[in-house]
Amino acid sequence: MIGEEKGIERGEGLPVNILYTGGTFGMRKDLRKAEFLPLSHILKRIPEVREFNMPLRVFSWDRPMDSSHMIPEDWIRISRHIRKYYEESRGFLILHGTDSLSYTASMLSHILRPLRKAILLTGAQVPLEASRSDARQNLLSSLEILKEERIRSEVAICFQHLLLRGNRSTKVDTTSYASFQSPRFPPLAHVGVDIEYKSSLFLPPAKDHVPPQTQDACETQVMLIKIFPGMEPRFLIQLLKHTEIKGLLFETLGAGHMLLSKSLNHSLKSVQERGSHIAHVSQATRGKVKNSYAAAQPLSDLGVVGCKDMTTEAALTKMMFLLGNNPNLSAESFSKHMTRPWAGECSKD
Ligand code: ASP
């Protein structure tokens, strides 16, 4: 359930809509207890939010959570909230845990497109209650960006000194304040003394003011498997034989290289014959999957879709969205959609 709390009515224009879902941002100092401050306390602890002279409507999940416990229904809950208040909001700020922030941002970018209002997500590495918390700065920078309205067509993560396209982002650090990067795509803005936007990178804003598309089903019968040298194909074969999967994503080695195993190839073929779709992304942080080595040939012969320079988070959530909303998707359509950018999640070629 999502409840509205007392917001801030200062200033002119449409309000920024803040949704608090949990995460370290609002956790009590003793992280092991996983107890959360109510949103009203959070706003009281950051009185500077009033200085923006901008109306804020604030909403909170009745049970804020650690984002590592989020499930697809939670993504849908967030996207429906955004759609519900879309026309009456200047933009959205989702307060979220960092562990699955890139997954949520990626999924929102697939569900909510095209956009004409910014959807920002932020969180914190240290709880607001603690003296050296980064929560205050992350919240205030996000509000500044939403107030300026320079960015309108992106689902973006505002964290520390960077504004990143959400579906290009990944959590790279569990201890630094700068915990997010988008290694294959430049930041949308650098958040320093000034906010330096790279507006040439922004997606074109939607023509309509209406809420973005309404499909939001998610296929959960999917699996993500990381390939490693020495992996025993028989384990994978056993797993695939006994699991009802609709979508399988491999994290392959280098530019898209797989184990050398004829029996695994047969097993992948039979998975495809049962109507499932298979795709892969690279384990490398930069570059893309391509087909230049013999080690890439088996996947390419099987028609396993190489997701170019997509992050694992973007590819997995795209697969879930695509299969959830198109249960009888042909192999050709799956390949076409997985390799075509919907909201800037991969390069065009
Ligand atoms: N486990 C926390 C979460 O993802 C970590 C954080 O917010 O930084 O909710």
* Asked: Mind checking which residues of segment 21-68 are more than 14 Å from the ligand (Cβ to nearest atom), without any contact (Cβ under 8 Å) to a residue 40 or more places away in the chain and in contact with a Gly (Cβ under 6 Å, 6 or more places away or on another chain)?
  -> none
* **Of residues in segment 196-232 being exposed (fewer than 15 other Cβ atoms within 10 Å of the Cβ) and of a type in the set (S, T, Y), the one farthest from H81 (Cα to Cα)** => S200
* (1) within 20 Å of Q137 (Cα to Cα); (2) surrounded by 13 or more Cβ atoms within 10 Å (Cβ to Cβ): which one isn't true of R10, the others all being true? -> (1)
* To do: Could you grab the pairs with beta carbons closer than 8 Å, sequence gap of 6+ or different chains, first residue in segment 108-128 and closer than 14 Å to S153 by Cα, second one part of a loop (DSSP other than H, G, I, E, B) and hydroxyl-bearing (S, T, Y)?
  => P114/S153; L115/S153; R116/S153; K117/Y86; K117/S89; A118/S153
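May I ask you to list the residues in segment 132-157 that are more than 22 Å from D66 (Cβ to Cβ) and in a loop (DSSP other than H, G, I, E, B)? Full working, then the answer.
Our first condition is that a residue be more than 22 Å from D66 (Cβ to Cβ); within segment 132-157, this holds for 140-141, 143-154, 156.
Answer for segment 132-157, where residues must be more than 22 Å from D66 (Cβ to Cβ) and in a loop (DSSP other than H, G, I, E, B): E149, R150, I151, R152, S153, E154.
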* When residues of segment 72-99 are limited to those that are surrounded by fewer than 23 Cβ atoms within 10 Å (Cβ to Cβ) and in a loop (DSSP other than H, G, I, E, B), the one farthest from the ligand (Cβ to nearest atom) -> E87
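Results for (1) among the acidic types (D, E); (2) part of a helix (DSSP H, G or I), shown as yes or no for each residue.
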{"residue": "E12", "(1), (2)": "yes, no"}
{"residue": "L19", "(1), (2)": "no, no"}
{"residue": "F25", "(1), (2)": "no, yes"}
{"residue": "K29", "(1), (2)": "no, no"}
{"residue": "R32", "(1), (2)": "no, yes"}
{"residue": "S40", "(1), (2)": "no, yes"}
{"residue": "L43", "(1), (2)": "no, yes"}
{"residue": "E48", "(1), (2)": "yes, yes"}
* Scanning for something more than 14 Å from G91 (Cβ to Cβ), touching a His at 6+ places or on another chain (Cβ under 9 Å) and crowded, with 16+ Cβ neighbours inside 10 Å, does segment 133-155 turn up at least one residue? -> no
* To do: Kindly indicate whether D301 is assigned to a helix (DSSP H, G or I), acidic (D, E) and surrounded by fewer than 21 Cβ atoms within 10 Å (Cβ to Cβ).
  => yes
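Every read-out reported here was derived from the displayed coordinates using simple, explicitly stated rules and does not represent laboratory data. Quick caveat: nothing in here was measured; it's all calculated off a predicted structure. With ideal geometry, Cβ positions are generated from the backbone for all residues, glycine too; neighbour counts draw on all protein chains shown.
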